[in-house]
1. Can you run down the residue pairs with Cβ atoms below 9 Å, 6 or more apart or on separate chains, where the first is in segment 48-61 and within 18 Å of residue 3 (Cα to Cα) and the partner is of a type in the set (Val, Ile, Thr)?
2. Could you check segment 62-85 and list, in sequence order, the residues that are surrounded by 14 or more Cβ atoms within 10 Å (Cβ to Cβ), free of Cβ contacts under 8 Å to residues at least 40 places away in the same chain and not charged (D, E, K, R)?
3. So, in segment 1-49, of the ones that are outside any strand (DSSP E or B) and hydrophobic (A, V, I, L, M, F, W, C), which residue ends up farthest from the chain's Cα centre (by Cα)?
4. Scanning for something within 15 Å of the chain's Cα centre (by Cα) and over 18 Å from residue 8 (Cβ atoms), does segment 64-83 turn up at least one residue?
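What follows draws every value from the coordinates through simple rules; no lab data is involved. Please read all numbers here as calculations on a predicted model, not as lab measurements. Here the Cβ positions follow ideal geometry from the backbone for every residue, glycine too, while neighbour counts run over all protein chains shown.
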Amino acid sequence: MDGSPGPFWNLNQLKPGDQVRIHTQQKVYTYRVSGQRVVEDTDTSVIAPTGKPQITLITCTDWSGELRTYLQRLIVFAEFEQVLAQ
């Protein structure tokens, strides 16, 4: 780990109302971003069940070169909208 860009590098650019699509071999799952927040790396409350279908996208943020680790997590929440055949 060195603080260089990863697959979710631009996750912080998602905002409420944006659409997220997850493609599988047979289906496309569509979600609508409902919000985002930054939490401490030890905060596991963001992955607790919510009782509604949603996706929670998590990436590291706040790189500390001195400690050589990320100090916080960026969380993006998106609510399920639909599933379509591929």
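1. 58/46; 58/47; 58/75; 58/76; 59/75; 59/76; 60/69; 61/38
2. 72, 75
3. Quick first cut of segment 1-49, residues outside any strand (DSSP E or B) only: 1-18, 24-26, 41-49.
Subset that is hydrophobic (A, V, I, L, M, F, W, C): 1, 8-9, 11, 14, 46-48.
Working: 1: 19, 8: 8, 9: 11, 11: 7, 14: 9, 46: 10, 47: 11, 48: 14 Å.
Ranking the qualifying residues of segment 1-49, first place goes to 1.
4. Initial filter on segment 64-83 (within 15 Å of the chain's Cα centre (by Cα)): 72-80.
Next, only the ones that are over 18 Å from residue 8 (Cβ atoms) stay: 79-80.
So far as segment 64-83 goes, yes, one or more of its residues are within 15 Å of the chain's Cα centre (by Cα) and over 18 Å from residue 8 (Cβ atoms).
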